[in-house]
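Working notes, beginning with the structure itself.
The values are calculated or read from the model by the stated rules, or taken from the named source; none is laboratory data. Note that this is a predicted model, so its numbers are computed, not measured. Counting neighbours? That spans all protein chains shown, and the Cβs are built from the backbone with ideal geometry, glycine included. For accessibility, only protein heavy atoms count, side chains too; no ligands or nucleic acids. Shrake-Rupley method; radii C 1.70, N 1.55, O 1.52, S 1.80 Å.
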Amino acid sequence: MLLKNTVLSLLFAVVAFSCSQEKKLPFLGPKTVNATGDTVYHQIPDFQFLNQDSVLVSQKDIEGKVYVADFFFTTCPTICPKMKTQMLRIYERYKERDEVRIISHSIDPDFDNTSVLHDYATRLQVKAPKWNLLTGDKAAIYKLGQKSYMVSAQEDPNEAGGFVHSGAFILVDKNRHVRGIYDGTVETEVNHLLEDMEVLLKE
Amino acid sequence: MKKLAPILIAFFFFSCSSKEEITQQQYSVEGMALYKTHCENCHQADGAGLRDLYPSIQQTKLSPEALACLFKNGKKGNGFMPANAKLQALDIAELVTYMREKWGGKKQIYPVDSVKMALQNCR
């Protein structure tokens, strides 16, 4: 009986250990198969937007980086401040690590021009290029949100603040594949993101 | 006799806290819930605010009248606090009562009638 118990707990330990060692993250989004029969994973396409310092930022600036993206607007009365509180945790933790970036897309680019974003970033005490706050063509931003990051982002006069958008944080790997989507308003969800970030940094 | 004891204690307790006190407690509890829904996103649960984006409200020097107008109409100063049309006079009375107790250490009700007066005289 004692032996049986020992063997059982040993087995459990082995299983648990091998699981925790091999944490792998999924590839999210539609997959396609190319001509040579390989699976091609969903990828964030090229983009170009201005950041809070009026610098043009494109996918080239995040080449080889793991990054977290979200959608917000500076006058948002509801979930954005919560998201920014959580995003600050990510910012502070990876402040010294150049492989990690944060991109926040404004979904109210008419109001959130570069000088509004600059003021916002200064008050939040965050800096580019670690944390880029981006603005630009509205249609391009909405398309990127809906088609590429797979989150809702659009105008809605019925919504407080005039826009509907999800509070999602999207985790993207070094090859621009979406590897995780988390609720950026919830502390425990962001804890998961931080764990998964470590997995991606080791890939 | 034993069964009577708790009833007696309850009776004693209730008669001790005046009607005013009970209402103050009700206001404060309601105010806490309202704060969670309408304010906590920006000013945080402890009222400390978020860096320079949202100010701390723990030591605010604004009068109750000024607070009532601020909550209802918002303010565009250095920062931007949106107007909140959803807040009724009672909500504002409860919010101010809660803030007074939580950060002012003062258990004193801010009456609905005072809110209504204040709202008529907003600048």
Completion exercise
Of the conditions (1) within 14 Å of another protein chain (Cβ to nearest Cβ); (2) touching a Leu at 6+ places or on another chain (Cβ under 9 Å), the single one that B:Pro82 does not satisfy is (2)
Fill in the blank from the handout: Note on the range A:81-124: residues within 14 Å of the chain's Cα centre (by Cα) and within 9 Å of chain B (Cβ to nearest Cβ) are A:Lys84, A:Leu88
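Please list, ordered by residue number, the helices (runs of 4 or more DSSP H) wholly in the range B:6-123 having 3 or more residues that are surrounded by fewer than 17 Cβ atoms within 10 Å (Cβ to Cβ) and either of a type outside the set (A, V, I, L, M, F, W, C) or at pLDDT below 95 (or both).
Here the list reads B:19-38, B:112-120.
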Handout entry: Residue satisfying condition, being open to solvent by 30 Å² or more (accessible area, probe 1.4 Å) and within 14 Å of chain B (Cβ to nearest Cβ), within set A:Lys138, A:Lys127
Key = A:Lys127
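What number of residues within the range A:81-103 satisfy the criterion of being within 19 Å of B:Gly47 (Cβ to Cβ), crowded, with 20+ Cβ neighbours inside 10 Å and in contact (Cβ under 8 Å) with a residue 12 or more places away in the chain? Spell out the reasoning first.
Filtering the range A:81-103 for residues within 19 Å of B:Gly47 (Cβ to Cβ) gives A:81-82, A:84-86, A:88.
Subsequent filtering for residues that are crowded, with 20+ Cβ neighbours inside 10 Å retains A:81-82, A:84-86.
Among the residues that remain, those that are also in contact (Cβ under 8 Å) with a residue 12 or more places away in the chain are: A:82, A:84, A:86.
Counting residues in the range A:81-103 that are within 19 Å of B:Gly47 (Cβ to Cβ), crowded, with 20+ Cβ neighbours inside 10 Å and in contact (Cβ under 8 Å) with a residue 12 or more places away in the chain gives 3.
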Exercise for the section: Might you check whether a residue that is open to solvent by 20 Å² or more (accessible area, probe 1.4 Å), at pLDDT below 90 and not in a helix (DSSP H, G or I) occurs anywhere in the range A:182-200? Expected result: no
Fill in the blank from the handout: Residue hits (the range A:166-178; open to solvent by less than 20 Å² (accessible area, probe 1.4 Å) and within 16 Å of A:Gln146 (Cα to Cα)) are A:Gly167, A:Ala168, A:Phe169, A:Ile170, A:Leu171, A:Val172, A:Val178
